[in-house]
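Okay, structure first, notes after.
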Amino acid sequence: MSSTLRTALVLFPVVFGSFALSGCSGGGGGGGAAPRLAFPGLRVPVGDSPQSVATADLDGDGALDLVTANGNSDEVSVLLGAGDGTFGAAAAFGAGDSPRSVAIGDLDGDGALDLVTANSGSDDVSVLLGAGDGTFGAATAFGAGSGPFSVAIGDLDGDGALDLVTANSGSDDVSVLLGAGDGTFGAAAAFGAGSAPTSVAIGDLDGDGAVDLVTANSGSDDVSVLLGAGDGTFGAAMAFAAGDSPLSVAIGDLDGDGALDLVTGNATSDDVSVLLGAGDGTFGAATAFGAGNFPFSVAIGDLDGDGALDLVTANRSSDDVSVLLGAGDGTFGAATTFAAGDDPSSVAIGDLDGDGALDLVTANRNSDDVSVLLGAGDGTFAVATAFAAGDDPQSVAIGDLDGDGAVDLVTANSGSDDVSVLLGAGDGTFGIAAAFGAGDSPISMAIGDLDGDGALDLVTANRSSDDVSVLLGAGDGSFGAAAAFGAGDSPRSVAIGDLDGDGALDLVTANRNSNDVSVLLGAGDGTFGAATAFGAGDSPFSVAIGDLDGDGALDLVTANFNSNDVSVLLGAGDGTFGAAAAFGAGNGPTSVALGDLDGDGALDLVTTNNNSKDVSLLLSAGDGTFGAATAFAAGDDPQSVAIGDLDGDGALDLVTANVFSDEVSVLLGAGDGTFGAATAFAAGDDPSSVAIGDLDGDGALDLVTANGTSNDVSVLINQR
């Protein structure tokens, strides 16, 4: 991800078509069902460096919950599910040193599910007994082999009590710990495996009624099959070749013949190996099927509901999952990828939203979260959809640019000195981007009818040429040559409004290096007069327009990065503005938006704060003054903020674009100026701008981000 400081889109507080924005009034919700927030690509924070994820109903409410093993924080994170694909905040429970794997089972026979982790740093397992309500007791350690990387649970000796087995990459063996049925375990017994086993799975591989073991051996590029005697002991390991550096193994009947088969995820050959079982504990030659980049984990389930088992891998280097649909005969189709978090190291399968279709969840090592991918039941999963834009898009705006009733997208592309227009089909999809030239390094975009012909026009703020570019629209989605009008020094943001009350739209820019705003009054024909400067704070990054004091004249507000405040400039109604009044914000404000966030009829302010990783809410007194800022946590490096009613409860909500965490954060509003905890949804690479609008015409507001490093926009359709 780029470390370059990004500049946010500022939403002009007017509605174009179905484009929703700041400046609309909020209020309390009505009756009926509770609103549901459901954008694709949910990401939920967990502990430090989650290595493994598992799913089960840990609190007995009928909804699946999640648990991760967090390698750097030496704990597990438990996330209780609401049954609709969303999850509560993670609760931490201590484990051993560097837990690499977690498994779930009723280890003490009390009917409540328990947890066990394999701890590579302390060479043991941690058993955490569950209370049945989603909480767990203190961890108890039981010794294992050297460097246990994986743990599995099963009744290995046929006594009805669950036992444990670990794959030990340091000692090239497995450790079997027989359970007493009360949550305690006997001394570990070692059975040899291949070189550097990193994963272990349990199943009856030879059909004799006794469970057997299989390990994936990353050092010897094979699997080891250890046939069980039914008493907790196992025969000598048999090796069967797999792909290059198999790190994970799973068991299932992949060809429908009643015999269990094997699949490995092969990290350095970027594929999976399928080994069909003969039913006697032996396996045929491995068949390779392509997966993603560095598949670290593999899981099996019927993802498309056709009765045949399918495969999914978590791909650490490509930050996605690969779904391979099975034909039912042991063969698999080409992999389809769906975006996950940063460095997904584990994937699990379950019906997380209760709709009967299997869903996916990944544990993301570098982003310290899990990604939830809800399944459609046909083998596809809901993720943000990418549409290509220009080079380094820094800002995105929404409007009906071709007059067909469907909203379209436009980005300002700092790297290619142009704008990209993506015409919408009305269903949330967009056509190929058309480029129209702009100024030097356009970094902000706004839309309005600048020449009064009924067609929407474009304006960009160009930080390197110190001007704005006006592109007049033909009404069909095409635009004329850009006309340049001078602004201040390094304009970072542009907004549109009738600042002098003459009926023609005017422009204002926030100028980072000259610490002011430039007001350009419009003639009504798409041309603008010379810029007039009005002082602002130190390094204004963003500007927004609204009637902040209720006098009918539009006012200005800037977010000032260096002075950690906002500047409010009250308008006289003739295009002139009074001296700037400063109100404190967070650390490094980069974007400002306006909306009635507490339902009192006055416009309030919200900023994204780059350095403090939060938003600042400043409630208005209605006279152009604002109260002390209240902080609400957002994602990593929030650069842009937009306002709209995302959950349909009548109260305005917030969304930020977070550059360093490649996601958006949604903060649902209570209607009284308070907001719930941020919920993250995956976007593209380095999202620096976010906008809100009904992109698919279903009445629910959707999101779009401009992603500077992946050179595209991410469309997140609201599924509530």
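The values are calculated or read from the model by the stated rules, or taken from the named source; none is laboratory data. The structure displayed is predicted, hence computed values, not measured ones. So basically every Cβ, Gly included, is an ideal-geometry build from the backbone, and we count neighbours across all protein chains shown.
Values as computed for the structure displayed
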item	result
Count of segment 144-188 residues which are of a type in the set (A, V, I, L, M) and within 14 Å of Val116 (Cα to Cα)	11
Segment 586-611: number of residues that are crowded, with 24+ Cβ neighbours inside 10 Å, of a type outside the set (Ser, Thr, Tyr) and within 14 Å of Arg492 (Cβ to Cβ)	3
Flag for Phe528 being among the aromatic types (Phe, Trp, Tyr), surrounded by 22 or more Cβ atoms within 10 Å (Cβ to Cβ) and in contact with a Ser or Thr (Cβ under 7 Å, 6 or more places away or on another chain)	no
Odd one out for Ile104 among (1) assigned to a loop (DSSP other than H, G, I, E, B); (2) within 30 Å of Gly41 (Cα to Cα); (3) hydrophobic (A, V, I, L, M, F, W, C)	(1)
Spans of strands (runs of 3 or more DSSP E) in segment 1-83 with at least 3 residues closer than 25 Å to Leu716 by Cα, of a type outside the set (Val, Ile, Thr) and modelled with pLDDT of 50 or more	42-45
Test: residue in segment 682-704 that is among the small types (Gly, Ala, Ser), in contact with a Leu (Cβ under 7 Å, 6 or more places away or on another chain), in contact (Cβ under 8 Å) with a residue 12 or more places away in the chain and surrounded by fewer than 24 Cβ atoms within 10 Å (Cβ to Cβ)	no
Positions within segment 408-442 being within 15 Å of Thr705 (Cβ to Cβ) and either in contact with a His (Cβ under 8 Å, 6 or more places away or on another chain) or β-branched (Val, Ile, Thr) (or both), in sequence order	Val410, Thr411
Residue in segment 610-636 that is farthest from the chain's Cα centre (by Cα), counting only those that are acidic (Asp, Glu) and closer than 14 Å to Ala678 by Cα	Asp614
Only listed residue being closer than 22 Å to Ala482 by Cβ and outside any loop (DSSP other than H, G, I, E, B), chosen from Val566, Val543, Val557	Val543
Count of residues meeting criterion [crowded, with 21+ Cβ neighbours inside 10 Å and not basic (Lys, Arg)] in segment 354-394	26
Matching residues in segment 366-405 - criterion: being assigned to a strand (DSSP E or B) and either hydroxyl-bearing (Ser, Thr, Tyr) or touching a helix residue (DSSP H, G or I) at 6+ places or on another chain (Cβ under 9 Å) (or both)	Ser371, Thr385, Ser395
Matching residues in segment 109-133 - criterion: being in contact with a strand residue (DSSP E or B) (Cβ under 6 Å, 6 or more places away or on another chain), small (Gly, Ala, Ser) and over 30 Å from Gly194 (Cβ atoms)	Ala112, Gly130
Residue list for segment 612-625, restricted to those being surrounded by fewer than 24 Cβ atoms within 10 Å (Cβ to Cβ) and either touching a residue at least 40 places away in the same chain (Cβ under 8 Å) or among the basic types (Lys, Arg) (or both)	Lys613, Leu619, Gly622, Asp623, Gly624, Thr625
Some residue of segment 172-192 being surrounded by 24 or more Cβ atoms within 10 Å (Cβ to Cβ) and in contact with a Lys or Arg (Cβ under 9 Å, 6 or more places away or on another chain)	no
Test: residue in segment 68-82 that is under 27 Å from Asp320 (Cα atoms) and free of Cβ contacts under 8 Å to residues at least 24 places away in the same chain	yes
Test: residue in segment 457-465 that is among the acidic types (Asp, Glu) and in a loop (DSSP other than H, G, I, E, B)	no
Index of the failed condition, Asp351 passing every other in (1) crowded, with 24+ Cβ neighbours inside 10 Å; (2) closer than 22 Å to Gly88 by Cβ	(1)
Residue in segment 390-409 that is among the polar types (S, T, N, Q), at pLDDT 95 or above and closer than 30 Å to Ser478 by Cβ present	yes
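Yes/no matrix, rows are residues, columns are (1) under 19 Å from Ala582 (Cβ atoms); (2) of a type in the set (S, T, N, Q); (3) surrounded by fewer than 24 Cβ atoms within 10 Å (Cβ to Cβ); (4) within 37 Å of the chain's Cα centre (by Cα):
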position	(1), (2), (3), (4)
Arg463	no, no, no, yes
Ser478	no, yes, yes, yes
Gly497	no, no, yes, yes
Arg512	yes, no, no, yes
Leu521	no, no, yes, no
Phe541	yes, no, no, yes
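Residue-by-condition table, conditions (1) under 20 Å from Asp65 (Cα atoms); (2) at pLDDT 95 or above; (3) more than 19 Å from the chain's Cα centre (by Cα):
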| residue | (1), (2), (3) |
| --- | --- |
| Leu325 | no, yes, yes |
| Ala340 | yes, no, no |
| Ser346 | yes, yes, no |
| Ile349 | yes, yes, no |
| Asn364 | yes, yes, no |
| Ser371 | yes, yes, no |
